[in-house]
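The values are calculated or read from the model by the stated rules, or taken from the named source; none is laboratory data. Note that the coordinates shown come from a computational prediction; the quantities given were computed from them, not determined experimentally. Note that each Cβ is placed from the backbone with ideal geometry, even for glycine, and that neighbours are counted across all protein chains shown. Only protein heavy atoms, including side chains, enter the accessible area calculation; ligands, DNA and RNA are left aside. Shrake-Rupley method; radii C 1.70, N 1.55, O 1.52, S 1.80 Å.
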Amino acid sequence: MSDHKLPLFEVFIRSRRGLDHKHVGSLHAQDHEAALGYARDVYTRRNEGVSIWVVKSEDIVASQEHEAESFYDPMDDKVYRHASFYEVPDEVKHM
Amino acid sequence: MKTHNSSIEHLQAEFDARIAEDAKIEPKDWMPAAYRKTLIRQISQHAHSEVIGMQPEGNWITRAPSLRRKAVLMAKVQDEAGHGLYLYSAAETLGMSRDQMIADLQSGKAKYSSIFNYPTLSWADIGAIGWLVDGAAIMNQVMLCRCSYGPYSRGMVRICKEESFHQRQGFEIMLTLAQGSEEQKAMAQDALNRWWWPSLMMFGPPDSESANTEQSMAWRIKRQTNDELRQRFVDQTTPQADYLGLTIPDPDLKWDAEAGHYQFGEVDWDEFWQVVKGNGICNRDRIRQHVKAHEDGTWVREAAQAHAERKAAAAEAA
Ligand SMILES: [Fe+2]
Ligand SMILES: [Fe+2]
């Protein structure tokens, strides 16, 4: 039996309660349940997490970095989305 | 092997312990039904406020006095749409469906912040909203960054980051008008006159009449009471109004050196409850507009669905 037949899963770990799940890597597994168990064995041997998500890699749709220029282009010239764009007089506090 | 005790008492104790140690509650955790219900009500109400809040400001996009002001206002209104989305998603983690939330908003079952039932009569209102309404919202949202429910608190962190320019752009508009011609200054003063008291109402009824505050504080959904936040808002905003050379429409407003706070007059809570009950100036308009926008968008949702189906069929055939 070849490992390559097993689907690939992406693994996300919440390192501490209150934080977002963060991508840590991937692994092959026969199903979601097994993927969770393997992820525990592979990615949390030192108590790195309090919660694990596994998602089939094929279910992830990603934007491409080489297309980044045109993809994010509309945001480039909108400096006014940042607070630093506005001048607040020194005398004015709490803003 | 550890035996797992899943009796309600045990789950409740575990939940209480988490709250006590200031840990977050996450979507898959057990939580008391009343905690879930309170959060669904509060988060969906918050989401509705972001979405309905686009209307009074959107009203001025086509009439903004310069291209710069127009671009800024569009960026702000876009942000509010995004905030609505983050919040609806947070509410959905509690098992509430988006469709149900929209239906509850449109039927009037769910509320949104009563401030958005006041009309935006002049360009200065856009300045007053950014300065006062976003200012009050930020004060509330900074507190909610520490809310005990994880998805809500994380959403608030993101929203607060984005909000940082909203208040500043409003203050900039007010400052420009306040330093302008006599007419412009009068416009700014008029906007402050109309938006001041409704802004104080944004923090909700006084603590003595707020049924939910005590429980929400115990659950660490809220960290400060309505009156505490309102006082802080007055303390921070009054010197800003002084700097603008504008007068806050409250004859009882005065600095109390001993307390280290401003004293201020009584909010007209009858007006507040009238607006909450649906009798504000714009309540009907706001909902009518929301229903219309939703219905006008039907063809977009249908087209997207048809496109997805056609693509799936083509993929199957290939
Ligand atoms: Fe917002
Ligand atoms: Fe805002």
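Observations, loosely collected:
- Placing dummy labels 7 Å off each Cα toward the beta-carbon, the span from B:GLN263 to A:SER70 is 6.7 nm.
- Taken per residue, the accessible surface of the protein assembly as shown reaches 56 Å², heavy atoms only and a 1.4 Å probe.
- Cβ-placed point charges (K, R +1; D, E -1), dipole of the protein assembly as shown about Cα centre in debye, nearest 20: 840 debye
- Counting only lysines at least 8 places from B:LYS28 when in the same chain, those with an alpha carbon closer than 23 Å to its own are A:LYS22, A:LYS56, B:LYS2, B:LYS37, B:LYS222.
- Point-charge dipole on Cβ atoms (K/R +1, D/E -1) for chain B, about Cα centre, debye to 20: 1120 debye
- Dipole size of segment B:82-236 about its Cα centre, with +1 on Lys/Arg Cβ and -1 on Asp/Glu Cβ: approximately 540 debye, rounded to the nearest 20.
- For B:ILE25, the residues whose amide H sits under 5 Å from its own are B:TYR149, B:GLY150, ignoring neighbours fewer than 5 places away on the same chain, with H placed 1.01 Å from N.
- The loop-placed GluC sites (Glu not before Pro) in segment B:1-61, going by DSSP, that have at most 12 neighbouring Cβ atoms within 10 Å of their Cβ come out as B:GLU21.
- Count Lys and Arg as plus one, Asp and Glu as minus one, and take only other residues whose Cβ is under 13 Å from that of A:VAL88; the net charge is then -2.
- Alpha-carbon centroids, segment B:173-216 and segment B:1-66: separation in whole Å: 27 Å
- If you take the alpha carbon atoms of segment A:3-85 and fit the smallest convex hull around them, that volume is 145 Å³ per residue.
- Summed over both chains, the contact between A and B buries some 2000 Å² of accessible surface at a probe radius of 1.4 Å.
- Members of segment B:147-168 that become less accessible by 10 Å² or more once partner protein chains are added (1.4 angstrom probe, chain alone as reference): B:ARG154, B:SER164, B:PHE165, B:GLN167, B:ARG168
- From its DSSP helices (H runs of at least four residues, each -39,500 (n - 2.57)), chain B gives a residue-normalised ellipticity at 222 nm of -21000 deg cm²/dmol.
- Unit charges at the beta carbon, dipole of the protein assembly as shown: most positive-side option, B:ASN59, B:TRP219, B:ILE129: B:TRP219
- Counting only whole DSSP H helices of chain B, the ones at least 24 Å long by C-alpha along their axis and with mean Kyte-Doolittle hydropathy no lower than -0.5 are B:33-52, B:67-92, B:150-178.
- Carbon + sulfur, % of accessible area of segment A:3-85 - ligands and nucleic acids excluded, 1.4 Å: 51 percent
- Translational diffusion coefficient (Stokes-Einstein; Kirkwood radius from C-alpha pairs) of the protein assembly as shown at 20 °C, 1.002 mPa s, in µm²/s: 88 µm²/s
- Restricting the calculation to Cα atoms, every distinct pair contributes to the Kirkwood radius of segment B:29-181, found to be 16.2 Å.
- Sulfur and carbon atoms: percent of accessible area, segment B:92-247 [1.4 Å]: 50 percent
- Peptide-level mean, for A:77-90, of C-beta atoms on other protein chains within 10 Å: 5
- Under 30 Å from B:LYS70, Cα to Cα: lysines that are on another chain or at least 8 residues apart: A:LYS78, A:LYS93, B:LYS111, B:LYS161, B:LYS185, B:LYS292
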